[in-house]
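Structure first, commentary second.
Values quoted throughout were computed directly from the atomic coordinates according to the rules given, and no laboratory measurement underlies them. Being a predicted model, the structure only gives us computed values, none of them experimental.
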Amino acid sequence: MQPVWESVKYEDGSPNYALNYHRAFYERGYDDPDDIYRQRWRLEDTAWRVVAGDWVETYDDATDLFRLENSQTGVVREYSPNDRELLLDDTLDQNDAREIQGQGRPPVLSRYLNHSDPVNSVWSPSSVPAVLAQPWD
């Protein structure tokens, strides 16, 4: 007998409850590789950062403000999401290419638990002492 709460542990021997629950009560929404791929492809897992010429735009979640900084002159402008379009139209050159390096506002943190990661597969049963330790496959 190897109960669910004994199946996955951290290396220090404490139970990994998140992964145990994930394996016992599978929920596709937590483990949707298509959605995870789309989030990463859209750079939603990376903090907001857009580069346009000498300008770098970032976003501060705590204050709900965008920050536009010129890397050459040091000029800094902070503005709300409502004022963003007007300020960018007035500040940036229409012909400058904009490179989106991240658009998480805030970044989307994946709840994906990779079963093939050795950290997620530590096996150390203690409820049945006669069962020898074995890798989780």
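Taking amide H atoms as placed 1.01 Å from N in the peptide plane, the amide H of residue 46 lies under 5 Å from those of 103, 104, 108, each 5 or more residues away in sequence or on another chain.
Using only the Cα atoms, work out Rg/Rh for region 46-102, with Rh taken as the Kirkwood radius, to two decimals. With Rg and the Kirkwood Rh in hand, the quotient comes to 0.93.
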